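Structure first, then comments.
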Amino acid sequence: MRKLSKDITVFKITDDILVECRTKHNYEGFKHTAKLKINKLLVQTASIQYYNRTWESFTYESVLKRLYENNKHLNKKQLKIFKKLIENGGEAEMESLNRIGALTKMSALFGDTKKEKNERKLNALKIQLGDTLMLPDDFNELSEEEKERRLDNVINVLSQK
């Protein structure tokens, strides 16, 4: 798995076969699309519309499964690799979350005061998690100690193995 941006992730099946997954936001919510490419040539697509959020063990799990189940272009060996990729997708997602946790911890090192450290942690989380980070409405009104406690809890969850 290689994350190209917050909305594009590429899953490599073999050197010449990959699946490019995208998130596209629309007026009804958002859509996940998966494009199977063989030798850079698009051979198959799958998509799923979501209205609120997904209940997947990792991002793009459902659209990858749909692409796998309807596949007519891969041989048995390639399908086996594809299935394994889907089964292990959650592990790749955890590695990505662990990196986000580590980057967020490091960003706080450059702050001098508790307020600066909290701002750096929050900015790092916003950059890495984008729209998936949902803060309480009163977050800015909390004390710096409470902000620190809550931000550290998020970072600890992201850093778990």
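The values are calculated or read from the model by the stated rules, or taken from the named source; none is laboratory data. Predicted, not measured: the structure shown is a model, and the values here were computed from it. Glycine also receives a Cβ, built like all others from the backbone with ideal geometry; neighbour counts cover every protein chain displayed.
Quick one: count up the residues across the stretch 101-127 that are in contact (Cβ under 8 Å) with a residue 40 or more places away in the chain and surrounded by 15 or more Cβ atoms within 10 Å (Cβ to Cβ).
Looking only at the stretch 101-127, we keep the residues that are in contact (Cβ under 8 Å) with a residue 40 or more places away in the chain, and these are 101-102, 104-105.
Those left that are additionally surrounded by 15 or more Cβ atoms within 10 Å (Cβ to Cβ): 101, 104-105.
Total meeting the criteria: 3.
Return the residue satisfying two criteria in turn: it lies in the stretch 106-150 and is of a type in the set (A, V, I, L, M) and part of a helix (DSSP H, G or I), and of such residues it is nearest to the chain's Cα centre (by Cα). Show your work before the answer.
Keep residues of the stretch 106-150 that are of a type in the set (A, V, I, L, M), which gives 106, 108-109, 122, 124-125, 127, 129, 133-135, 142.
Next, only the ones that are part of a helix (DSSP H, G or I) stay: 106, 108, 122, 124-125, 127, 129.
Details: MET106: 20, ALA108: 22, LEU122: 18, ALA124: 15, LEU125: 13, ILE127: 12, LEU129: 8 Å.
Looking at residues that are of a type in the set (A, V, I, L, M) and part of a helix (DSSP H, G or I), I get LEU129.
Here are some residues: LEU36, LEU74, LEU42. Which one is farther than 30 Å from ILE127 by Cα, at pLDDT 90 or above and part of a strand (DSSP E or B)? Lay out the reasoning, then the answer.
Details: LEU36 fails: farther than 30 Å from ILE127 by Cα; LEU74 fails: part of a strand (DSSP E or B).
The conditions single out LEU42.
Can you say whether GLU93 is part of a helix (DSSP H, G or I) and modelled with pLDDT under 95, as far as the supplied structure shows? Give the steps one after another, and end with the answer.
Numbers: part of a helix (DSSP H, G or I): yes; modelled with pLDDT under 95: yes.
In short, yes.
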* What residue, of ASN52, ASN39, is under 17 Å from the mean Cα position of the chain (by Cα) and in the same structural domain as PHE11 (by TED's automatic domain parsing)? -> ASN52
* Structure fact -> Across the stretch 30-44, the tally of residues that are surrounded by 16 or more Cβ atoms within 10 Å (Cβ to Cβ) and β-branched (Val, Ile, Thr) stands at 2
* Looking at (1) in the same structural domain as ILE13 (by TED's automatic domain parsing); (2) without any contact (Cβ under 8 Å) to a residue 60 or more places away in the chain; (3) surrounded by fewer than 17 Cβ atoms within 10 Å (Cβ to Cβ), can you tell me which one GLN78 breaks? -> (2)
* Structure fact -> Of LEU125, LEU67, LEU109, the only residue that is assigned by TED's automatic domain parsing to the domain that holds ARG22 and not polar (S, T, N, Q) is LEU67
* Structure fact -> When (1) in a strand (DSSP E or B); (2) at pLDDT below 90; (3) of a type outside the set (Phe, Trp, Tyr) are applied to SER47, the one that fails is (2)
* Structure fact -> Flagged in the stretch 50-71 as out of contact with any Cys (no Cβ under 9 Å at 6 or more places or on another chain) and assigned to a loop (DSSP other than H, G, I, E, B), in numbering order, are TYR51, ASN52, ARG53, THR54, TRP55, GLU56, SER57, PHE58, ASN70, ASN71
